[in-house]
Amino acid sequence: MQSALQRFGSIARLGAIVAGWALMAISVATCIEVLGRKYFDFSFKALDEIGGYMLAGVCAFGFAYTLSARAHMRVTLLFPYVSASVQAALNVLAMLTLAAMAVFCAWRGAFEVLDVFVSGKRANSPLQTPLWVPQSIWLAGMMLFAAGTLLMGWHALTLLFRDRALLNRVYGPQSLEEEISTEIGHAEAREGINKASRT
């Protein structure tokens, strides 16, 4: 199970890196578009359409990476005031409901992509993009997200009967101390990168 979870984390991280570079590319293209329209009467014509497709794909792969990094938001107002066993049950419930939602989205998305592929639908835009192309990228991200939630949901469920303390550490919401430690680690990593670039 641990190897599968680590593999999911690696794939999710790779997807997030690719998505980040895609956002950089669309940002540079947008700057060129703005300058081109203002000074050179030049335009890419369909940059907004490509940006919309990219947003969908980035969000889908972002869901998977956020899951692997334990960064999804949870409402935990009463969480510290219940017993450890109740916390364990709530953590399992959270993972299973997230998995159910992710699998449903991926399942319905697969039918939608299949439908537009079979029908050959194209975007009503200058690019006339075959809709199955951007939708397939979005679906790949959602399927990765769904696979991750299923793995984590099953792992959480098994830990409920084996090691509830570990369950709460791995799948419980981060404590304030953990969040501070994470942010300090990120800041130190950025500072290390900055120092390395200056030398």
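Long hydrophobic helices in the chain: the complete DSSP H runs spanning 30 Å or more by Cα along their own axis with mean Kyte-Doolittle hydropathy of at least 1.0 are 2-35, 47-68, 84-119, 132-162. Loop-located chymotrypsin sites (Phe, Trp or Tyr not before Pro) across the range 16-70 with a Cβ neighbour count of 16 or fewer within 10 Å are F42, F44, with loop assigned by DSSP.
Across the chain, Cα pairs under 8 Å and at least six residues apart give a relative contact order of 29 percent. Taking only alpha carbon atoms, the range 2-198 gives an Rg to Rh ratio of 1.07, where Rh is the Kirkwood radius. Dipole of the chain computed with +1 at Lys/Arg Cβ and -1 at Asp/Glu Cβ about the Cα centre; of A4, T182, A25, farthest Cα towards the positive end is A4. This model, with +1 at the C-beta of Lys and Arg and -1 at the C-beta of Asp and Glu, gives the range 2-198 a dipole about its Cα centre of some 240 debye.
Read the figures in this text as sums done on the coordinates, not as results from a lab. Quick caveat, the model's predicted, so the values are computed rather than measured. Using ideal geometry, Cβ is built from the backbone for each residue, glycine included, and neighbour counts are taken over all protein chains shown.
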